[in-house]
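These notes concern the structure reproduced below.
What follows draws every value from the coordinates through simple rules; no lab data is involved. All figures in this text were calculated on a predicted structure; none of them were measured in a lab. Here Cβ is always computed from backbone atoms with ideal geometry, including for glycine, and neighbour counts include all displayed protein chains.
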Amino acid sequence: MIDKNNIKEGQHFWALSNGTLLIIGLLRGCFEVCGPWECGISPDDFEIVQMIDIPKGHEFTKLYYGR
């Protein structure tokens, strides 16, 4: 399991929250749900599934993978 305390500024990851798969990033010191929601989320409200490797220079982009 990935420790949320080890997430660095600008990193993104897949996470589960209430059975929903989300992309979350640590942006400006806060965890934020990426995509059309673009809202903050408490570290207690999700479990990290897998880190996402993003291209250098896009660390602060709110990534979104649509269908």
Practice item. With only Lys, Arg, Asp and Glu charged, each at its Cβ (+1 for the first two, -1 for the last two), find how big the charge dipole of the chain is about the Cα centre; round to the nearest 20 debye. Key: 220
Practice item. Which order do the peptides 44-56, 3-15, 20-32 take when ranked by the mean count of other beta-carbon atoms within 10 Å per residue, highest first? Key: 20-32, 3-15, 44-56
Exercise for review: Subtracting the Cα-Cα distance from 0.36 nm times the residue separation, let me have the gained length for ARG28 to LYS56 in nm, one decimal.
Suggested key: 8.4 nm
Exercise for review: Pop out the ³J(HN,Hα) list for the stretch 38-49 in order, Karplus 6.51 cos²θ - 1.76 cosθ + 1.60 with θ = phi - 60°, rounded to Hz; leave Gly and Pro as x.
Suggested key: 6, 9, x, 8, 6, x, 6, 9, 8, 10, 6, 9
Practice item. Using Cα positions and a limit of under 15 Å, work out the aspartates and glutamates in reach of LYS4, with same-chain residues fewer than 8 apart set aside. Key: GLU32, ASP44, ASP45, GLU47
Study note, to complete from the structure: Using eta = 1.002 mPa s and T = 20 °C, Stokes-Einstein with Kirkwood Rh from Cα pairs puts D for the chain, in µm² s⁻¹, at 181
